[in-house]
1. Does the range 18-35 contain at least one residue that is at pLDDT below 90 and polar (S, T, N, Q)?
2. Considering only residues that are out of contact with any Phe, Trp or Tyr (no Cβ under 9 Å at 6 or more places or on another chain) and surrounded by 13 or more Cβ atoms within 10 Å (Cβ to Cβ), look in the range 97-108 and name the one that is nearest to I54 (Cα to Cα).
3. In the list T65, T45, T39, T60, which residue meets the criterion of being surrounded by fewer than 21 Cβ atoms within 10 Å (Cβ to Cβ) and under 12 Å from the mean Cα position of the chain (by Cα)?
4. Go through the range 73-96 and report how many residues are touching a residue at least 40 places away in the same chain (Cβ under 8 Å) and touching a Phe, Trp or Tyr at 6+ places or on another chain (Cβ under 9 Å).
5. So how many residues does the range 51-68 have that are farther than 20 Å from Y115 by Cα and at pLDDT below 95?
6. Go through the range 69-81 and give me each residue that's farther than 17 Å from L11 by Cβ and surrounded by fewer than 17 Cβ atoms within 10 Å (Cβ to Cβ).
7. Within the range 58-75, does at least one residue satisfy the condition of being in a strand (DSSP E or B) and not small (G, A, S)?
8. So K25 fits all but one of (1) basic (K, R); (2) assigned to a loop (DSSP other than H, G, I, E, B); (3) within 14 Å of the chain's Cα centre (by Cα); what number is the exception?
Amino acid sequence: MSPDIRIDSLLGRTVLDDAGEKVGKIGQVYLDNENGAPTWVTVKTRGKQAFVPIGLLGHTDEAATVPFSADVLKDSPEVEVAKDLNRGREEVLYRYYGVTREQADQKASEAGHRYVRPGADDGDALR
């Protein structure tokens, strides 16, 4: 998969856990309120939508991947999907996943992932 990832291409994308099993599909992409960078996705599982830091996603040609089991998603903190993620909610979620925002961003950078807006040229990267 190209390192440039259109954020709209994530919607509905299958998500696989660390064992390669399907755990759900990406439901939404949340952008940072301050700089517009994508910071979270929701993963729709059978019982809920779990927030996952976008920097923890891996990508193959066929799916997005997460570095943990389906149980981690199932047990993630309940956050109302319709609401904006304020810093307090984000911090609870980052703590749950054991990373800081900077660490999640670093993981995406190390993997060479760059998220871009639909129709963006090289100068309109979100990362």
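The values are calculated or read from the model by the stated rules, or taken from the named source; none is laboratory data. None of these values were measured; they are calculated from a predicted model. We place every Cβ from the backbone using ideal geometry, glycine too, and count neighbours over all the protein chains shown.
1. Step one: of the range 18-35, the residues at pLDDT below 90 are 31-35.
Next cut, polar (S, T, N, Q) only: 33, 35.
Among the residues of the range 18-35, at least one is at pLDDT below 90 and polar (S, T, N, Q), which makes the answer yes.
2. Looking only at the range 97-108, we keep the residues that are out of contact with any Phe, Trp or Tyr (no Cβ under 9 Å at 6 or more places or on another chain), and these are 98-99, 102, 105-107.
Retained after the next criterion (residues that are surrounded by 13 or more Cβ atoms within 10 Å (Cβ to Cβ)): 99, 105-107.
Values: V99: 12, D105: 8, Q106: 11, K107: 10 Å.
Filtering first and then ranking leaves D105.
3. T65
4. 5
5. Final tally of qualifying residues: 0.
6. Hits for the range 69-81 are S69, D71, K74, D75, P77, E78, E80.
7. yes
8. Among (1) basic (K, R); (2) assigned to a loop (DSSP other than H, G, I, E, B); (3) within 14 Å of the chain's Cα centre (by Cα), the lone unmet condition for K25 is (2).
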